[in-house]
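Here the structure comes first, spelled out in structure tokens, and everything after it is commentary.
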Amino acid sequence: MASGKTYRVSAIVLDKVKLKECDLILTLLASDGRQLQAVAKGARKPGGRLAARCELFCTVDLLIARGRSLDIVSQAELLEAPLGAGPDYARLMAASAVAEVAKRCSFEDAEDRYIFPITQRALELLGSPQLDEVHLDLLLAAYVFKLLSHIGYRPDFSACVSCGDPALSYFSPLAGGLLCASCAASIPAAEPVDAAAVNWLRSLVALRFDELAKVDIDTSTASMLLSFAHLWAATHLDCRLRALEFALGR
């Protein structure tokens, strides 16, 4: 982090919390992967200079002044608004889930150059008007599995995690991936999967977002994959992910 009284950073706005009558506390994902918090004074005032420049999911260029407890946003320039001016409910829910998972997977003073670009690209694609709700679910599921794989929670989809049997028929976050029928009998809440679902789970990790955005997939399969992604994240991050729950139930 740069020294001095102020520093400049490009970041994605992950969360906003009200402070006093007209201020906001912003949770930010910096371009180097660090999570930051800063106060945007007057950001809740209609017509305020920061009001339209620090919206959720936007990429912003910030000049931040160091404070005693929380840093303060001095200047803000909007670089990218991936959802546009009037996003629909489905896109808002998907983007909220991305921001929620990114917030759980990034940390103060812990640089990680992978998190920012994958989050930025996911938001860009989720905001595309060409992307239907089925592919919103698919890309959101892929984001969850890719990001958690990166931070150390990579599922094993190659063979049974317990015995190595290639005949796979169950998915279990507790076990760490896919299981054969014999091993799944001793694992609580293992979810049954067929061969097609196994291939889709592998694709979520192996394929790029842009490739997944073009594949043919039905609504029920995409919903199933998103539910598996939610189970995986909730289990390994050990928290309730409300935005993902809303995305599943919309």
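Details
- Flag for LEU92 being closer than 24 Å to CYS239 by Cα, open to solvent by 30 Å² or more (accessible area, probe 1.4 Å) and either touching a residue at least 24 places away in the same chain (Cβ under 8 Å) or outside any strand (DSSP E or B) (or both): yes
- Residue within the stretch 21-32 that is closer than 16 Å to ALA76 by Cβ, out of contact with any helix residue (DSSP H, G or I) (no Cβ under 9 Å at 6 or more places or on another chain) and not in a strand (DSSP E or B) present: yes
- Beta carbons closer than 6 Å, at least 6 apart along the sequence or on distinct chains, pair a first residue in the stretch 106-128 that is more than 28 Å from GLY86 (Cβ to Cβ) and charged (D, E, K, R) with a second that is open to solvent by less than 30 Å² (accessible area, probe 1.4 Å) and assigned to a loop (DSSP other than H, G, I, E, B) for GLU111/ASP32; GLU111/GLY33; ASP112/GLY33; ARG113/GLY33.
- Restricting attention to the stretch 174-226 and to residues that are among the hydroxyl-bearing types (Ser, Thr, Tyr) and open to solvent by 40 Å² or more (accessible area, probe 1.4 Å), the residue that is farthest from the chain's Cα centre (by Cα) turns out to be SER182.
- Pairs where the first residue, in the stretch 215-233, is charged (D, E, K, R) and the second is part of a helix (DSSP H, G or I), C-beta under 9 Å, 6+ apart: ASP218/VAL134
- First in the stretch 173-197 and closer than 17 Å to ALA159 by Cβ, second anywhere and open to solvent by 20 Å² or more (accessible area, probe 1.4 Å) and among the basic types (Lys, Arg), Cβ under 9 Å, 6 or more apart: GLY176/ARG154; GLY177/ARG154
- Pairs where the first residue, in the stretch 37-54, is open to solvent by 100 Å² or more (accessible area, probe 1.4 Å) and the second is assigned to a loop (DSSP other than H, G, I, E, B), C-beta under 8 Å, 6+ apart: LYS41/CYS22; LYS41/LEU50; LYS45/CYS22; LYS45/ALA51; ARG49/GLY42
- Odd one out for ARG66, checked against (1) at positive phi; (2) open to solvent by 30 Å² or more (accessible area, probe 1.4 Å): (1)
- Index of the failed condition, LEU138 passing every other in (1) open to solvent by 20 Å² or more (accessible area, probe 1.4 Å); (2) assigned to a helix (DSSP H, G or I); (3) in contact with a helix residue (DSSP H, G or I) (Cβ under 9 Å, 6 or more places away or on another chain): (1)
The values are calculated or read from the model by the stated rules, or taken from the named source; none is laboratory data. Being a predicted model, the structure only gives us computed values, none of them experimental. All Cβ positions, even for glycine, are placed from backbone atoms using ideal geometry, and neighbour counts span all protein chains on display. For the accessible areas, the whole protein counts, side chains as well, though only heavy atoms, and no ligand, DNA or RNA atoms are used. Shrake-Rupley method; radii C 1.70, N 1.55, O 1.52, S 1.80 Å.
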